[in-house]
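Below is one structure, written out as structure tokens, with a few remarks after it.
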Amino acid sequence: MPDGLRSFRELCAEHGIAVTHQRQVLYETMQSMYGHPSPEEVFDAVKRRIPSISLATVYKNIHLFVESGVFRELSIHHGTLRVEMNKVPHHHLVCSVCKRISDLADEELPLQAPSMPGGFLVERISVDVIGICPDCQRRPN
């Protein structure tokens, strides 16, 4: 069995997901995409390999991947569902103009889990740095 298929099967088994061809193509496509793709961007890419796939199927399976812990969902204030595939602790730079999201390494913005009021247990700190990316800064107004 090819390594890619075996590892996808193992990932699905680990997360309690049934293996399907569409899910495998969706997963492989998302893993090959740069950044934090929206479902619409994933749909456009997957449609090249599975022309009959629907946007609803892409959304449904992305939500399944997120709910099962394969991927993480980014904060909803980015305008649309964005998927986080990078499991290394990090933060985000978010362009307020084009909505592009870039990773910022944990070491570049060091934060320690503080003691929170009311006994709130911090599992992870996620910081979004909102600003204007270099590409948008170069564009004329």
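The values are calculated or read from the model by the stated rules, or taken from the named source; none is laboratory data. All values reported here derive from a predicted model rather than from experimental measurement. Neighbour counts are summed over all protein chains in view; Cβ atoms, including those assigned to glycine, are modelled from backbone coordinates with ideal geometry.
Residues in the range 80-96: is at least one over 19 Å from Ile130 (Cα atoms), surrounded by 17 or more Cβ atoms within 10 Å (Cβ to Cβ) and in contact (Cβ under 8 Å) with a residue 12 or more places away in the chain? No, every residue in the range 80-96 fails to be over 19 Å from Ile130 (Cα atoms), surrounded by 17 or more Cβ atoms within 10 Å (Cβ to Cβ) and in contact (Cβ under 8 Å) with a residue 12 or more places away in the chain.
Criterion first (at pLDDT 95 or above, exposed (fewer than 15 other Cβ atoms within 10 Å of the Cβ) and more than 28 Å from Leu111 (Cβ to Cβ)) does Pro2 satisfy it? Give the derivation first.
Working: at pLDDT 95 or above: no; exposed (fewer than 15 other Cβ atoms within 10 Å of the Cβ): yes; more than 28 Å from Leu111 (Cβ to Cβ): yes.
No; evaluated as a whole, the condition is false for this residue.
When the range 5-23 is limited to residues that are of a type in the set (S, T, N, Q) and at pLDDT 90 or above, the one that is surrounded by the fewest Cβ atoms within 10 Å (Cβ to Cβ) turns out to be Thr20.
Just checking, which of Leu109, Leu26, Leu55, Leu93 is at pLDDT below 80 and of a type outside the set (D, E, K, R)? When all the criteria are applied, what remains is Leu109. Of all the numbered requirements in (1) at pLDDT 95 or above; (2) out of contact with any helix residue (DSSP H, G or I) (no Cβ under 6 Å at 6 or more places or on another chain), Glu40 misses one, and that requirement is (1). Within the range 14-46, no residue satisfies the criterion of being more than 21 Å from Val88 (Cβ to Cβ) and in contact (Cβ under 8 Å) with a residue 60 or more places away in the chain.
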